[in-house]
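Here is the structure we will look at, set down as structure tokens.
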Amino acid sequence: MQKVIAIDGPSASGKSTLARNLAARFQIPYINTGSMFRAVALAAQRRGVDRQDAAGLEAMLRELDIDYRRNAAGDWELALDGEFPGEALRTADIAAGASLVATVPAVREALKAMQRKMAGSQWLVMEGRDIGTNVFPDAEVKVFLTARPEVRAARRAAELRAKGDDVPVDEVLTALLERDRRDSERDVAP
Ligand code: C5P
């Protein structure tokens with residue numbers, strides 16, 4: 001059994017909030033795996049690699065440096081090639097790109113290997129779509145979190161609005177349902 005609290009569920013269901021609070025409560029690291037897929041999409045964009053070019057992505061991943069470090073606020077945050085990309089990971093374009101690169105088996109395998117390496121003798125919280133089912137089927141604690149699409153879309157729209165991105169909630173809902181469909185119907189780790 002791995003000392004992992006695995007939190008699975010669709011986007012905007014509340015996984016990050018729950019994971020962050022658990023990590024603060026127990027003083028353990030928190031790994032948001034969605035940001036890893038987002039980092040792959042961002043790196044591909046920066047290097048001019050197509051988001052569905054499996055061979056190109058695989059080659060890129062061999063030299064990509066992704067890890068988690070404590071940021072100035074003391075939270076665990078993804079670093080890409082030694083720097084925090086921060087908000088650059090949170091754009092709608094990178095979200096869509098993340099769900100595209102996530103359909104490529106070589107990308108999932110590479111990230112899964114990184115994620116498994118992070119677990120060890122110390123507890124950690126890891127959240128994503130497939131952490132309890134695929135990455136850590138041997139996790140000691142598993143949570144599946146979900147909410148109605150309308151509730152998730154309202155939450156995501158409010159998040160975007162807070163960042164000055166005023167997207168109508170029905171547009172957010174359409175994009176979210178499309179991403180749900182792609183995530184749940186893909187061949188690998190649906
Ligand atoms: O959770 P977040 O919105 O940051 O995830 C971005 C995309 O990364 C998701 O739409 C999904 O396609 C992919 N993902 C995944 N497996 C995970 C985490 C994220 O396929 N464990």
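The values are calculated or read from the model by the stated rules, or taken from the named source; none is laboratory data. What you see is a predicted model; the values in this text were computed from it and never measured. Note that we place each Cβ from the backbone using ideal geometry, even for glycine, and neighbour counts take in every protein chain shown.
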Quiz item: In segment 46-69, what residues are away from the ligand (no atom under 14 Å from the Cβ) and in contact with a helix residue (DSSP H, G or I) (Cβ under 7 Å, 6 or more places away or on another chain)?
Solution: 47, 49, 50, 54, 58, 60, 61, 64
Quiz item: Restricting attention to segment 148-190, which residues are in a loop (DSSP other than H, G, I, E, B) and within 11 Å of the ligand (Cβ to nearest atom)?
Solution: 186, 188, 189, 190
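Could you list, in sequence order, all residues of segment 80-89 that are touching a residue at least 24 places away in the same chain (Cβ under 8 Å) and either within 8 Å of the ligand (Cβ to nearest atom) or in a helix (DSSP H, G or I) (or both)? Don't jump to the end; show me each part of the working.
First pass over segment 80-89, keeping only residues touching a residue at least 24 places away in the same chain (Cβ under 8 Å): 80-81, 85, 87-89.
Of everything in segment 80-89, those that are touching a residue at least 24 places away in the same chain (Cβ under 8 Å) and either within 8 Å of the ligand (Cβ to nearest atom) or in a helix (DSSP H, G or I) (or both) turn out to be 87, 88, 89.
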Quiz item: Taking interchain pairs and intrachain pairs at least six residues apart, which have beta carbon atoms under 7 angstrom, with the first residue in segment 1-14 and in a strand (DSSP E or B) and the second near the ligand (Cβ under 10 Å from one of its atoms) and of a type in the set (A, V, I, L, M)?
Solution: 4/126; 6/126; 6/131; 7/131; 8/131
Self-check item: When residues of segment 26-35 are limited to those that are under 17 Å from residue 78 (Cβ atoms) and in a helix (DSSP H, G or I), the one farthest from the ligand (Cβ to nearest atom)
Solution: 35
Exercise. Within segment 78-88, identify whether any single residue is under 13 Å from the mean Cα position of the chain (by Cα) and buried (at least 17 other Cβ atoms within 10 Å of the Cβ), and answer yes or no.
Key: yes
Quiz prompt | Among (1) at pLDDT 95 or above; (2) farther than 25 Å from residue 141 by Cα; (3) among the small types (Gly, Ala, Ser), the one test that residue 6 misses | solution = (2)
Quiz item: When you go through (1) within 26 Å of residue 142 (Cβ to Cβ); (2) out of contact with any strand residue (DSSP E or B) (no Cβ under 7 Å at 6 or more places or on another chain) one by one for residue 54, which number turns out not to apply?
Solution: (1)
Practice problem: Have a look at 73, 43, 23 and point out the one that is in a loop (DSSP other than H, G, I, E, B) and either over 28 Å from residue 171 (Cβ atoms) or away from the ligand (no atom under 13 Å from the Cβ) (or both). | Solution: 73
